[in-house]
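The structure appears below as structure tokens.
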Amino acid sequence: MLMIVNVEDRPPQNLKEKALSIIRPFEIRTEIKSQENLQIMNIRYIRKRGEIRFRKIYELCSGRMKTVLCSKNISLEHTYLIRFSDIDYKKIILGNYICYLIEKSNISSSDLKIGFYDPYGENSLLLQRLLKYTSNILVVSDMLRFYENEAERISKETGASVIVSNDISDLSKYSFLAAPCIIEKSINIGTDGIIFTAAPPLCNVSGTVITDYHTLIPKEFSMLKPDDIDETYFLAALFSLCSVSSLSEIVPVSCGNENEVFTSECCIRRLRSLLT
């Protein structure tokens, strides 16, 4: 069962409510929705005063350590609950989106240059997908031997040549980067470059950094999603926690970061402009 936690602050508005809030400082309401093999429990914690009593929420989760969906504004530190992370799913749809944008941009494979940053060697499948659109790819990774072996295998199977390096400064020669990871080292690709990554970088990164991918929820799942939960976050939970494997094929409709939102058309124009 998928658990979703929402906290609503409802402070008392008059003396009577203030008195009642001393006796009953919170209220918990639950709603369970089911569809085929999926079950969603929406836990709504109404706080009238005091701290959130996470123990009460934990008890609703059958007394076991549970991964839950909740807003980033809710701190689960020092509780028995774990906030679900959608980063693994974002790595997948990030790849879907990059491939979609390249296809729609109609850029010649001979003109397209891609920098691929995968420090821990976890995303070689995306590299193979990108080779469909260009053979001009630089891979930068701390797992140098792994990617040297991958480059050799790819060369034998497809004839494509992949450049491999462990020097992150080599990425400065590329203005279009795919980084399906959390960026922990500074990258300088200039102000005109664009980086598609899976989470906000932990260091200084130049260019336009795309970290958010906006999706349309399939109709069959729309009735299960609470209004206050982001579509992509919800789909990530269905994919990762409920094994809805078909969601790996979702292609975002737009993207952005904490400051901006970009349409697909805007990204396509941006990719084309990098070649002019």
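Key figures
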item: Mean-position separation - Cα centroids, the range 88-137 and the range 14-55, in angstrom; result: 44 Å
item: Within the range 120-276: Cβ-based charge dipole about Cα centre, in debye rounded to nearest 20 (Lys, Arg +1; Asp, Glu -1); result: 540 debye
item: Radius 15 Å from Cβ of ILE189, net charge of other residues (Lys, Arg +1; Asp, Glu -1); result: +1
item: Positive dipole terminus of the chain, leading residue within SER110, THR215, LEU76 (C-beta point charges); result: LEU76
item: Cut-off 15 Å, label 7 Å out along Cα→Cβ of LYS104, residues of the range 183-220 by amide N; result: 213-216
item: Extension gain from GLU8 to GLU157, taking 0.36 nm per residue of separation minus the Cα-Cα distance; result: 48.0 nm
item: Footprinting exposure proxy for CYS181, CYS266 (fewest neighbouring C-beta atoms within 10 Å first); result: CYS266, CYS181
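Each value in this text was obtained by applying a stated rule to the coordinates, not by laboratory testing. Here the structure is a predicted model, which means the values were calculated and not measured. A quick note on method: Cβ atoms are made from the backbone with ideal geometry, for glycine too, and the neighbour counts reach across all protein chains shown.
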